[in-house]
Structure formats: C-alpha cells, structure tokens
C-alpha cells in the first residue's frame with residue numbers, strides 16, 4: 001500500500017500489535033478484528049482500528065484482517081524486512097553487550113563492526129572491533145547509514161560529528177547527553193538511565209508511604 | 001531539600017545535566033550557572049533554571065550553583081546513591097547482556113540474580129541464574145522490589161503477574177507488549193524495537209528523497 005505519513009505515537013504501538021499477533025498459536029482463526037486486538041491489549045477500539053487502517057489495506061467488514069497479511073504489513077511498515085547495516089562506536093561494556101546481542105536481526109538491524117579508541121581484537125560475539133581511525137573508510141566502503149553511540153557522555157558529541165562526516169544519516173545513542181545535529185540527521189535517544197530514575201522514584205515514594 | 005513533585009519530562013532532562021556537569025574537567029570553575037548549562041546543551045535558559053531549582057537549593061545570584069553540590073543533588077534526586085536490588089526474568093540473549101553489563105551500578109541498580117524456565121548454571125558476568133520456581137522465595141528473602149522482564153512478548157504478562165505476586169512494585173520491561181498491572185505498580189517500557197523502527201523509517205525516507 002501507499003506509505004502514509006505516520007506519527008511516532010502510532011509507531012510506538014505497532015510493535016505491541018505485532019508481538020500479540022505473532023503470539024497467537026497456529027491453527028487459530030486466520031482473521032483477527034480490531035475489536036479482538038483492542039480487548040486483548042486493553043486498548044481503545046477506535047485507536048486500534050485507526051492504527052491498523054494506517055498500515056494495512058486488507059481489512060474486511062465483519063471478518064477483520066487476515067492475520068498473516070497484517071503481520072507482513074506491520075513488519076514491512078516497521079522496516080523489519082529491510083536490513084539496515086550499522087556501525088557501533090564505543091566497545092565498552094554496553095557496546096559489547098549490544099554487539100553480542102543477536103536479537104536485533106529480527107528488527108532488521110545488522111551491526112557490521114564496532115570502533116573504539118582502544119580496540120580489542122574481536123568481540124565475544126565474533127564481530128570485528130576496529131580502531132576509530134578506520135571508521136570513515138569502513139562507512140564509505142560499506143555504505144553504512146546508521147551509527148550507534150555507546151561512548152561515555154563527554155565523548156558523544158565528537159563521535160556524533162565524526163559519524164555525520166562519514167555519511168551517517170540516523171543515530172541511535174545510548175549516551176545520556178544532548179547531541180547537536182543538522183536537521184536532516186535523526187537522533188534517537190535510548191535513555192536507560194531515565195527509565196531507571198523513574199522506577200527508582202516510584203519505589204522511594206512507595207517506601208515512604210509505608211512508613 | 002524537601003522532595004518536590006516532579007514531572008517525567010524534568011526527570012528525562014536530569015541525566016543530561018548530570019552527564020555534562022561530570023564531563024567538566026577538574027580545575028575549572030567550581031560554580032556553574034543555568035545560562036552556561038543551557039548554552040552548552042543547546043536548551044532554553046528558562047527551562048534549565050526551573051529544572052535546577054526543582055532539585056537544588058544551592059543556587060547563588062550571579063555565581064550560579066556550586067558544581068559539586070549540584071551533582072550530588074541531581075544524583076540523590078535520581079536515586080543513584082540509593083542502590084535498588086532487582087531480579088531479571090528471562091536469561092536469553094538480551095537478559096544475559098543486561099546481566100553482564102556492569103554499567104547499571106552507576107545508576108544505583110544492582111541485579112541480584114536472573115530466573116529462567118531453563119536456567120544455565122551462571123551467566124558470563126558471574127551472576128547466578130535460577131529456575132523460575134525459586135523466584136518467590138528469593139524475592140521474599142532479599143526483599144526485592146524491582147523486576148526486569150526480558151522474556152519473549154507472549155510470556156511477558158504471566159511473568160509480570162508472577163513478579164507482582166512476589167511483592168515487586170516496579171517493573172522494567174524490554175518485551176514489546178502491553179502489560180496489565182494494578183495502579184500501585186509502575187511499569188517502565190524500554191522499547192528498543194520502536195527506536196529502531198523510527199530510525200529505519202527516517203532512512204527509508206532519505207533514500208526515497210535521493211531517488
């Protein structure tokens with residue numbers, strides 16, 4: 001179907017639908033309605049109906065969506081069928097953990113190599129780790145468009161600038177710091193420290209209540 | 001200082017301030033103003049001023065905040081000085097990566113052990129991995145209040161229910177699915193799949209533009 005403009009909030013809900021659709025055992029009904037999905041996920045029916053209409057043409061009155069088609073359409077929409085090559089900068093503990101994590105392939109992400117100022121020979125997962133000086137030639141040769149930043153906050157901006165000068169257009173950063181980028185570059189922050197702070201504040205409030 | 005009610009959006013900015021404050025080399029000025037901080041991070045001065053006033057009493061006219069005091073206050077606010085014990089459920093690739101990642105300690109998170117339906121003896125990082133049947137006694141003995149979910153989406157809700165029945169009050173989930181919880185339980189989603197989808201859509205749009 002024609003790709004529509006879609007908001008980030010819709011995008012955030014799609015992986016949830018996908019996970020539920022894939023969790024339905026084989027042999028069940030091959031159709032699923034927005035109502036069923038909404039009830040299963042505890043969401044509003046109108047919202048689910050609208051979201052699905054954004055990504056899939058195949059809905060049929062009374063029947064709903066053919067499940068297999070809906071799964072394909074959501075995956076295509078999320079770019080999971082479209083492998084994106086990426087480089088990772090900063091082969092410290094977090095960088096190594098991401099490098100060794102095989103689960104990103106299901107989301108269409110393929111980390112080709114890591115770069116560091118003090119590179120080890122190879123990560124535990126078998127991906128190569130090169131010296132940062134080789135970044136530009138690697139990115140140009142492999143036409144890499146995505147960079148993942150896992151360096152300490154104080155080095156994140158200079159790494160970010162370096163990535164952009166190597167032709168990177170999308171940056172996924174785990175550093176807890178603001179990054180300045182030109183308007184054609186997209187930065188996505190993965191702020192685990194914030195998540196932990198939110199959880200920790202909730203626990204402190206609960207403990208206080210008990211006293 | 002008296003703990004004020006604070007919004008999630010303020011909370012999201014605090015780790016950024018903290019990272020910048022810590023990145024200033026020793027020997028520089030021991031005071032920092034909201035203006036300096038705002039300029040350095042490319043943020044609005046009014047916002048930075050308000051945020052800092054929420055967490056720190058020590059601001060002085062013309063001088064700004066004593067940097068060391070500000071760092072301490074933000075860390076205390078974010079609960080980094082308050083170690084939180086947690087259990088992790090699902091010792092697959094992501095679970096093992098988180099278990100082996102030492103960096104969470106800086107944020108006050110201490111993962112005591114992992115639980116799985118098919119536990120290996122021990123993770124690479126040396127943390128124990130137990131059978132899920134031992135979860136309740138472990139949580140009660142160690143008075144654990146936080147649970148981390150890294151099981152596949154289709155098992156996330158049942159794991160979540162199990163955690164709550166073991167006395168867990170705060171849940172950090174990496175599963176891409178909605179979780180139903182009572183109102184006194186806080187769930188924080190870490191949706192890496194969404195981040196990747198947002199980045200992938202941006203790249204697709206950029207490639208399309210070029211054509």
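The values are calculated or read from the model by the stated rules, or taken from the named source; none is laboratory data. These numbers come from a predicted model, not from an experiment. Cβ coordinates were reconstructed from backbone atoms using ideal geometry, including for glycine residues, and neighbour counts include every protein chain displayed.
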inquiry  = Any residue at all in segment B:65-81 that's more than 10 Å from chain A (Cβ to nearest Cβ), more than 25 Å from the chain's Cα centre (by Cα) and modelled with pLDDT of 80 or more?
reply    = yes
query = Restricting the search to segment A:172-186, which residues are without any contact (Cβ under 8 Å) to a residue 40 or more places away in the chain, more than 8 Å from chain B (Cβ to nearest Cβ) and touching a helix residue (DSSP H, G or I) at 6+ places or on another chain (Cβ under 8 Å)?
reply = A:173, A:179, A:181, A:182, A:185
message = I'm trying to understand the selection: among the residues of segment A:86-105, which are touching a helix residue (DSSP H, G or I) at 6+ places or on another chain (Cβ under 6 Å) and either free of Cβ contacts under 8 Å to residues at least 12 places away in the same chain or surrounded by 15 or more Cβ atoms within 10 Å (Cβ to Cβ) (or both)?
response = A:88, A:89, A:93, A:94, A:97, A:101, A:103
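Within segment B:199-209, is there a residue that is under 24 Å from residue A:152 (Cα atoms) and at pLDDT below 90? Quick ask: steps written out before the conclusion?
Within segment B:199-209, the first condition is being under 24 Å from residue A:152 (Cα atoms), and the residues that meet it are B:199.
Right, trim to at pLDDT below 90 and you get B:199.
Scanning segment B:199-209, I find at least one residue that is under 24 Å from residue A:152 (Cα atoms) and at pLDDT below 90, so the answer is yes.
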request  = Determine whether residue B:73 is in contact (Cβ under 8 Å) with a residue 40 or more places away in the chain and more than 26 Å from residue A:190 (Cα to Cα).
outcome  = no
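If the requirement is being closer than 22 Å to residue A:192 by Cα and either over 20 Å from the mean Cα position of the chain (by Cα) or not assigned by TED's automatic domain parsing to the domain that holds residue B:88 (or both), which of these qualifies: B:157, B:162, B:134?
Details: B:162 fails: closer than 22 Å to residue A:192 by Cα; B:134 fails: closer than 22 Å to residue A:192 by Cα.
Just one listed residue meets the conditions, B:157.
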query = What are the pairs, 6+ residues apart or on separate chains, where a residue within segment B:126-145 that is closer than 13 Å to residue B:164 by Cα has its Cβ under 7 Å from a residue that is part of a helix (DSSP H, G or I)?
reply = B:135/B:162; B:145/A:203
key: Residues of segment A:146-167 that turn out to be outside any helix (DSSP H, G or I), surrounded by fewer than 20 Cβ atoms within 10 Å (Cβ to Cβ) and at the interface with chain B (Cβ under 10 Å from one of its Cβ atoms), as a count   = 1
query = Considering only residues of segment B:95-131 that are closer than 30 Å to residue A:152 by Cα and more than 21 Å from the chain's Cα centre (by Cα), which is farthest from the other protein chains (Cβ to nearest Cβ)?
reply = B:128
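Go through segment A:49-67 and give me each residue that's more than 17 Å from residue A:16 (Cβ to Cβ) and either in contact (Cβ under 8 Å) with a residue 40 or more places away in the chain or surrounded by 13 or more Cβ atoms within 10 Å (Cβ to Cβ) (or both). I'd like the intermediate steps shown before the answer.
Within segment A:49-67, the first condition is being more than 17 Å from residue A:16 (Cβ to Cβ), and the residues that meet it are A:57-64, A:66.
The answer is A:57, A:58, A:59, A:63, A:64, A:66.
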inquiry  = Quick check on segment A:20-31. Is at least one of its residues at the interface with chain B (Cβ under 7 Å from one of its Cβ atoms), assigned to a helix (DSSP H, G or I) and at pLDDT 80 or above?
reply    = yes
